[in-house]
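Since every read-out is calculated from the coordinates, none of them should be taken as a lab result. This is a predicted model, so every value here is computed, not measured. Reconstructed Cβ throughout: ideal geometry from the backbone, glycine too, with neighbour counts over all protein chains shown.
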Amino acid sequence: MLVLDRVGKTYPNGVHALGGVSFEVELGEILAVIGGSGCGKSTLLRAIAGLDPPSEGAVVLDGERIGAPHAKIGIIFQEPRLLPWLRVADNVGFGLAEQPKAARAQRVAAALKRVGLADKANVWPRELSGGQAQRVAIARALVPRPEVLLLDEPFSALDAFTRTDLQDHLLDLWADAKPTLLLVTHDVDEAIVLADRIMVMRPRPGRIFDEIAVDLPRPRDRQSAAFDFVKRRVLAGLDRSLNRAPSSAEDEQKAEAGAAMWW
Amino acid sequence: MSLVGMTIAAEGAPAQERSIVSRRSRLLRPALGFVLPVTLALAWEIIVRLGWSTGRLAPPPSVIFWTFVDLARTGELQRDTLVTLSRVAAGFGLGAAVATIVGAATGYSPTLRRLLDPSLQGLRAIPSIAWIPLFILWLGIFEASKVTLIAVGVFFPVYLGLMGAIQSVDRKLVEVGRAFRLSDFEMVRRILLPAVLPAYVISLRSGLGLGWMFVVAAELMGASEGLGYLLIDGQQLGKPAEIVAAIVAFAIIGKATDWLIALAAAPFLRWEDVVRHD
């Protein structure tokens, strides 16, 4: 289980980015953290990843305090961040350097097949499309079999069609080993499609403002009334998080126009 | 012929034509670089042959060619080339090695950079030729002073290139290394080294270019052998063809050594996402 206990972050320049965030995530749960720009959601994710340890409070995974990157935690960034000097297969196997060569090759081949890029094993990252590159990044993060997988707006740079495609694909991959997924996003649709639970953050300093359970069966129909209901609930929460009066007419317009990208 | 057949024939022909054109252009493109020098050389040859110029101070290509052959026949050309080449190799090896160590250290450690870089930048501002009298006093007029001068010339471009490359490694890729818990050594080996390699190779190539510049300066300041000595010898004995022959030899060997570095590095740089016009 992943436990956040009053996690706070103040940068050396005095910026108070996170103010005492506490929550628990069960193994295998999918949690989405949503909020506007600058609400501290990426800071929160980096603190959990051990890349930027918190200045107050603690991140605890299975009873172990996380202060640096950990073997049980994988991360997928907003950009694929593939190493341009390694071919696709070597990028996927990047985290398996200590494994024997044969075992590594086998796991890499299986992962590439799983993300539908078996034929791209020997190409350079520059030869991939944006969606393909992000699939490779997903494979690279999943190959070491992390217990917790952190995703920092992983599909925000992709076009709408590829994004939807990869969201479904991510769920498919998650079902293999069911790691804990903690997703940071500003896309309401994405949060509802993927998550069991949605945390709404409010800024200055970043803290949890609202928590919304998503009790919809998977696969989730983005056009269904139930989906729409949850979406309105999340959008209203986001509005309140910024002290904006929720306007039902505005919400409806947003939902109708599919304007679920909440910045 | 049916309409479909005609369409296929029409589509097939340009494809075939294109492949012939691309093969021809692959052969022709490098040849294009020779057009200007060969035309100028031929024109000069004709002018001298027609008696419009004596060609005494600017000998025509045929005279230079035969001077080349004569120098090669006596073994002088090979000896001088070998001597110059070994000076450049020693100076380049020394300068590049020291620059790699210092450049890597200052690129990696901000403390070392603050400690060393201001002094090195100060030294860089001195025209390297200004060191010659001091090097002769310190190291004598033989090999040591020449090799040191070449090493100084090679040092700065390699040092600056490597330090700059390390400092500009993409922070996001370093973070990937951190996320996968690489040790400091692994971080250098698996992220920093490959990331800086393209810029490092370019700095080695410009360092080598300066090495060739400085070997001439070193040999002009006093040598009894080497291609630079051929230049001085040609000047003192009034043999312009010998001077031009030595210059041509410099050009050929300089270009060849540069090409060797590029060739050696090519397999490691195939991943680069650069514009390729060929």
Against the rule of thumb 2.2 N^0.38 Å, how large the Cα Rg of the stretch A:1-140 comes out: 1.22
Percent RCO, i.e. relative contact order, over chain A, from Cα pairs under 8 Å lying at least 6 residues apart: 25
Helix-only CD estimate at 222 nm, as mean residue ellipticity for chain B, using -39500 (n - 2.57) per DSSP H run (n ≥ 4): -26500 deg cm²/dmol
Calculated over the stretch B:158-278: convex hull of Cα atoms, volume per residue (Å³): 137
Rel. contact order, % - alpha carbon contacts under 8 angstrom, at least six apart, chain B: 22
Neighbour net charge for B:LEU182 - beta-carbon separation under 9 angstrom, K R +1, D E -1: +2
Cα pair distances in the protein assembly as shown, grouped into 10 Å bins until the bin that holds the longest one, percent each: 3, 13, 18, 17, 14, 12, 11, 7, 4, 1
Global geometry of the stretch A:1-82, whether rounded, prolate or oblate, following the gyration tensor of its Cα atoms and the 1.5 cut on a/c: rounded
A:LEU151 long-range amide H proximity, modeled H, under 5 Å: A:ILE76, A:LEU182, A:LEU183, A:VAL184
Geometric extent, Cα atoms of chain A - Rg, Dmax (angstrom): 18.6, 60
Footprinting exposure proxy for B:VAL274, B:VAL63 (fewest neighbouring C-beta atoms within 10 Å first): B:VAL274, B:VAL63
Residues of type lysines that A:LYS72 reaches as a straight line, Cα spacing below 29 Å, ignoring anything fewer than 8 places off in the same chain: A:LYS9, A:LYS41, A:LYS101, A:LYS113, A:LYS120, A:LYS178, B:LYS172
Given chain B, longest segment not containing exposed loop chymotrypsin sites (Phe, Trp or Tyr not before Pro) (DSSP; at most 14 other Cβ within 10 Å): B:143-278
Extension gain from B:PHE185 to B:PHE142, taking 0.36 nm per residue of separation minus the Cα-Cα distance: 11.4 nm
Inter-site label distance for B:ARG171 and A:ASN13 at 7 Å from Cα along Cβ, in nm: 1.0
Distant alpha-carbon pairs in chain B (separation over 33 angstrom), percent: 45
